[in-house]
Structure formats: C-alpha cells, structure tokens
Amino acid sequence: MFTKGEWVTEGNFVGVEMEGNLYEICKVASFQPEAKENACLISAAPDMYRGLSKLVEELNDYEWYDMPAGIAVALTYAEDALIKAEGKCGQ
C-alpha cells in the first residue's frame with residue numbers, strides 16, 4: 001500500500017518518521033511556486049486516506065436511494081480516490 005508512519009514536510013521535502021529516523025518519500029520540484037503547498041498535500045495523503053476509508057465504510061451501510069444526491073456523488077469520488085491511493089489506477 002503506502003509507507004506507514006507519520007508523514008511530515010520540510011519545505012519541499014516529504015518524509016516519514018519511523019523509529020526516530022526521517023526517511024524521504026519525495027521532493028517536490030522546487031521551481032514550482034506552490035512547491036510547499038504540494039508537499040503539504042502529499043504529506044496529508046495517509047490522513048486523507050484514513051478519513052475517506054472510514055467515510056466510505058460508514059456510508060456504504062446506506063442504500064443509494066436513502067442518500068441525498070450530493071452525498072452519493074461524493075461517495076463515488078471518495079471511492080475513486082481510494083482506488084488510486086491503493087495503486088489500482090491505470091490498470
């Protein structure tokens with residue numbers, strides 16, 4: 001899946017803290033004016049994954065016809081995002 005641990009940013013650097021050490025996940029191209037913001041978005045990915053997973057799990061207990069249309073659409077987007085995050089995109 002993805003690297004477990006607390007993902008952190010330092011400028012355009014994204015890393016994960018494991019056992020007292022900081023390991024590189026990636027460096028965002030620093031020529032981009034939004035490099036720091038992109039790095040923050042990347043480091044938030046595990047937290048967003050956990051949140052979306054729980055949301056999808058809870059919402060899947062309901063029938064589609066019991067949900068407001070906007071919630072049903074948001075659920076579809078969330079499921080699609082989880083598929084990408086699990087490395088199942090582009091297959």
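Only the coordinates and a few stated rules stand behind these numbers; no lab work does. Just so it is clear, the structure is predicted and the values come from calculations on it, not from any experiment. Cβ atoms come from the backbone with ideal geometry, glycine included; neighbour counts cover every protein chain shown.
Enter the angle in degrees (range 0 to 90, nearest 10) between the Cα long axis of helix 69-85 and the first principal axis of the Cα atoms of the chain, meaning the one along which they spread out most.
40
Checking a compactness column here: for the chain, what do you get for Rg(Cα) / (2.2 N^0.38 Å), N being the number of residues?
Compared with the compact-globule rule of thumb, the chain sits at 1.32.
Rounded to the nearest 10 degrees, what's the angle between the helix 45-59 long axis and the longest principal axis of the chain, both from Cα atoms, 0 to 90?
10
Scan the chain for chymotrypsin sites (Phe, Trp or Tyr not before Pro) in coil per DSSP, keeping those whose Cβ has at most 12 other Cβ atoms within 10 Å, and list them by number.
On the way: sites: PHE2, TRP7, PHE13, TYR23, PHE31, TYR49, TYR62, TRP64, TYR65, TYR77; in loops: PHE2, PHE31, TYR62.
Sites meeting the loop and neighbour criteria: PHE31, TYR62.
Select from ALA69, ALA29, ALA44 the residue whose mean-square fluctuation is largest in a Gaussian network model of the chain (Cα-Cα springs shorter than 10 Å).
Evaluated over the chain, the most mobile residue of the options is ALA69.
Taking amide H atoms as placed 1.01 Å from N in the peptide plane, list the residues 5 or more away in sequence, or in a different chain, whose amide H sits under 5 Å from that of VAL8.
GLY15, VAL16, GLU17
With a cut-off of 8 Å between alpha carbons and a minimum separation of six or more residues, what is the relative contact order of the chain in percent? Before the final figure, lay out the partial values.
On the way: 84 pairs, mean separation 20.4, N = 91.
Dividing the mean separation by the residue count of the chain yields 22 percent.
Among SER30, SER43, which comes first, second and so on when ranked by fewest other beta-carbon atoms within 10 Å?
SER30, SER43
Explain nothing, just the number: relative contact order of the stretch 1-43, from Cα pairs under 8 Å at least 6 residues apart, as a whole percent. Don't skip to the answer; put the middle values down first.
Values: 66 pairs, mean separation 15.6, N = 43.
Taking the mean separation of contacting Cα pairs over the length of the stretch 1-43, I get 36 percent.
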